[in-house]
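First the structure, in the form of structure tokens, and then the observations on it.
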Amino acid sequence: MPLAGTLSIALAGVSGRLIEVEADLSAGLPGLTFTGLPDVSVLESRDRIRAAVLNSGLTWPNKRITVALLPADVRKYGSMFDVALAVAVLAAAGEVPAAAVSGVVWLAELGLDGRLRPVRGALPAVLAAREAGVRTVVVSPGNCAEAALVTGIDVLVASSLAEIVLALRGGAALPSAPAGHPDPAAPLPDLADVVGQPVARRALEIAAAGAHHLLLEGAPGAGKTMLAERLPSILPELEPAEALEVTAIHSVAGVLPGGAGLLRRPPLQAPHHTSSMAALVGGGTGLGRPGAASLAHRGVLVLDEAAEFKPTVLDSLRQPLESGLIVLHRTGGAVSYPARFQLVMATNPCPCGAAKDTDCSCTPDARRRYRRRLSGPLLDRIDLQIPIDPVSRAELMQDREAREPSVAVAGRVTAARAAARARWGAFGWNTNAEVPGPVLRSSGWRPPRQALARLDAEIERGGLSARGCDRVLKLSWTLADLAGLASPGSAEVAEAIWLRTGRAAVTSA
């Protein structure tokens with residue numbers, strides 16, 4: 001028959017939409033034309049699929065071919081449509097039964113020799129197909145491990161166009177995609193490697209327990225970067241829904257390891273200080289791809305040498321720090337990526353980076369300018385702001401066995417997070433950092449009046465903003481969870497104020 005149709009998926013961020021691919025053959029000048037807002041990569045597929053069909057030993061129809069990608073008002077990006085286009089044309093030409101390709105989603109790029117190649121975003125595309133009610137999806141061998149993570153849908157794998165045609169003609173059926181068997185995860189850096197810094201280690205544990213943001217400021221070589229990079233080692237593994245979300249983002253970005261299953265560990269992203277705004281929050285041509293902030297979703301975003309980043313790049317994080325979402329608006333539309341990460345910034349106190357203040361060659365004005373590269377609104381969103389002192393000789397020579405390892409700290413973090421989840425889980429929150437300030441200030445969850453006396457005094461003297469007050473309350477609840485308390489007391493509020501401001505809590509008159 002001269003008309004046939006099949007299915008594919010168009011991705012916008014980590015969301016997908018079912019696309020009907022229809023091919024019509026008619027008399028006229030031979031050629032292939034598209035309708036339905038295809039981008040350049042889709043338009044280029046006319047040469048790829050023709051070569052793939054011919055090199056697979058099949059006949060390319062010598063007719064006028066019109067392909068419609070429906071809905072026509074949704075822009076289509078990427079090479080994910082290659083196999084669907086080829087199958088639709090072959091079905092319209094009578095090379096394969098049209099009924100056999102109807103209702104099947106095809107997600108793969110075609111090589112000129114007819115081999116199926118992997119594409120970005122296979123996991124969210126299969127999820128979208130399942131949500132649309134599709135029962136069968138065909139992917140390439142390079143995408144079969146991630147596609148097989150989706151349950152409730154038949155995921156088949158094909159290595160070549162010729163294999164697909166043989167199966168459609170009644171030959172050997174396409175095999176089901178086997179589950180991925182990832183290599184054993186490499187061990188994470190351990191906190192036992194960090195020399196000294198008991199205050200910073202305590203702050204790191206608090207940050208992990210409550211999912212709080214952290215700033216480490218101090219002399220170079222004191223262990224700021226080592227501490228930041230070891231935060232994932234004390235975080236609990238991702239829940240199944242979180243792991244699927246994280247894996248989908250990495251799939252869209254094209255950085256998912258081949259053959260990998262779910263990403264169970266919280267991801268770590270540590271972009272260089274020369275990174276652009278697009279590299280940090282996402283961007284690029286078309287609708288834009290996820291940046292480091294989204295790749296760190298449910299994990300840790302480390303900004304080492306934070307004051308060396310461009311201030312405009314740093315300030316681009318202010319909105320996702322509050323909303324946990326990055327929305328990129330482009331002329332072709334808008335795309336959103338989740339970005340609920342823990343931010344850890346490490347910085348020197350001045351440009352020269354002297355090990356001791358007495359050796360610093362910077363003027364007071366230069367030190368102030370350097371610190372002002374971290375804007376006030378950004379710092380107001382950082383829960384813990386910790387000064388780092390140089391390591392002493394006695395600490396440097398301490399045996400590694402005497403330092404607490406990550407596994408011991410992770411046990412306390414897991415217990416504290418379990419307490420927070422038991423308290424807030426009914427509201428849809430898992431950590432103290434997620435709880436809105438109005439809830440913490442409401443009568444049902446506000447700490448006792450006597451416990452808030454120091455916080456009230458700090459607000460009266462102008463030492464905390466309204467946002468800062470809420471951050472102190474969140475920290476207080478995390479400190480209470482680590483101590484096994486039912487609610488924060490005066491000691492927890494006072495410690496939270498110090499962790500937030502670096503100042504001892506004042507007392508009311």
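Only the coordinates and a few stated rules stand behind these numbers; no lab work does. Values in this document were obtained by computation on a predicted structure and should not be read as measured data. Cβ coordinates were reconstructed from backbone atoms using ideal geometry, including for glycine residues, and neighbour counts include every protein chain displayed.
Of note:
- The convex hull drawn around the Cα atoms of the range 252-389, when projected onto a plane and averaged over every direction, covers 10.2 nm².
- Cα-based shape type of the range 3-168, given that a ≥ b ≥ c are square roots of the gyration tensor eigenvalues and the cut on a/c is 1.5: prolate
- THR414-LEU379 FRET efficiency (beta carbon distance; Förster radius 35 Å; 0.05 resolution): 0.75
- DSSP beta bridges fully contained in the range 191-406 are about 30 percent antiparallel.
- The fewest-to-most ranking of VAL313, VAL67, VAL105 by surrounding Cβ atoms within 10 Å reads VAL313, VAL67, VAL105.
- For GLU401 and GLU237, a Förster radius of 30 Å and the Cβ-Cβ distance give a FRET efficiency of 0.70, rounded to the nearest 0.05.
- The range 221-298: GluC sites (Glu not before Pro) falling in loop per DSSP and having at most 14 other Cβ within 10 Å: GLU237
- With the simple model of a label 7 Å out from the Cα in the direction of the Cβ, THR358 to MET226 spans 2.4 nm.
- Taking every alpha-carbon pair under 8 Å whose residues sit at least 6 apart, the range 191-406 reaches a relative contact order of 32 percent.
- Global geometry of the range 206-330, whether rounded, prolate or oblate, following the gyration tensor of its Cα atoms and the 1.5 cut on a/c: oblate
- Taking 7 Å steps out from each Cα toward its Cβ at SER275 and THR136 produces label points 4.3 nm apart.
- Across the range 435-509, the volume of the C-alpha convex hull divided among the residues equals 82 Å³ per residue.
- Cα-based convex hull volume of the chain per residue, rounded to whole Å³: 171
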